[in-house]
Structures are given as structure tokens and as C-alpha cells.
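Right, one structure below, let's go through it.
The values are calculated or read from the model by the stated rules, or taken from the named source; none is laboratory data. Model, not experiment: these values are computed from the prediction. Note: ideal-geometry Cβ built from the backbone for every residue, glycine included; neighbour counts use all protein chains shown. Only protein heavy atoms, including side chains, enter the accessible area calculation; ligands, DNA and RNA are left aside. Shrake-Rupley method; radii C 1.70, N 1.55, O 1.52, S 1.80 Å.
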Amino acid sequence: MRSRDYDLEFREQAARIRNWGLGLLVLAGLLWGWCAVLLMTEYTIETRTGFEKECAARLFTDRGTANEGVYAGDYCADERDWPEALAVLGLSIPVALVGTALFTTGSVSRRMSGHAQAMRELDRLAERHAKESEQSQG
């Protein structure tokens, strides 16, 4: 395999790695968004009698229905619980870390390949210039 073909294949592989990293970062962002929705939006539940009840957002309650609802005979606290939101947030952390590592690896690999190609071009130009100088002197 010639060096140019190898370099092109190397860049394609680096682009694939970078794209995988970008995909995982998007997935982590979606998980963060889902966690935000779980914590910051109001929601409704259906009671035993069939009526719908408004529940306050989990993050913005201060002794509201979501935190002390069970004591008052309200079941908003059971509908959206902290462990679910924290599990989504906890799942997003390794996804974001792996995505960052892959994206960085792919980007740096492509940049280094481009740098190596530029250095080869500069060396070739310097050799050609040196040969032309020798020919004009001799």
C-alpha cells in the first residue's frame, strides 16, 4: 500500500472515530435534556377516582406536592422520583466521557495526518529547490 493510500485510509478511519464521538456527545446531550425535562416541567397524574391532578415541577417545589405529596394523600411524589432523573444523569456521564475521548482522538488524528502531509510537501519543495540551486551553480 502506498503512503498516500494509507494516509487517506487513516483519515477516513479518524473521521469515523470522530463521528462516533460526535454521535455519543449528541446522545449525552439528549440524556441531559431528558433529565432537565423530568426535573423542570410540571406534569399531571390520574388519581384513583379518575381525575387529573397537576403536579409541580420536581426541581422547583418547596414543600410542594412532589416532595410531601404522599403525606397529604397525593401521589405526585410517586410519579416522578429523584432516582429516575439521577439515573438518566448518571448514564449520560460515561456516554459523554467516551464521546469526548473518541471525538478528540479522531480530530487530533486528522489534524496530525494533515500536518504530516504538509511537512512532506515542504520537504519535497525544499529538495526540489536544493536541486535547482545545485544545477544553476554547477
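Restricting the first member to the range 52-65 and to residues that are over 14 Å from Asp81 (Cβ atoms), and the second to residues that are among the acidic types (Asp, Glu) and at pLDDT below 70, the beta-carbon pairs closer than 8 Å and six or more apart or on different chains are Lys53/Asp74. For the range 26-43, name all the residues that are open to solvent by 70 Å² or more (accessible area, probe 1.4 Å) and not aliphatic (A, V, I, L, M). Scanning the range 26-43 gives Trp32, Trp34, Glu42. Cβ-Cβ contacts under 8 Å between residues 6 or more apart (or on different chains), taken from a first residue in the range 15-27 that is touching a residue at least 60 places away in the same chain (Cβ under 8 Å) and β-branched (Val, Ile, Thr) to a second residue that is surrounded by fewer than 17 Cβ atoms within 10 Å (Cβ to Cβ) and assigned to a helix (DSSP H, G or I), are listed as Ile17/Thr105. May I ask you to list the residues in the range 41-56 that are of a type in the set (D, E, K, R) and in a loop (DSSP other than H, G, I, E, B)? Passing the criteria: Glu42, Arg48.
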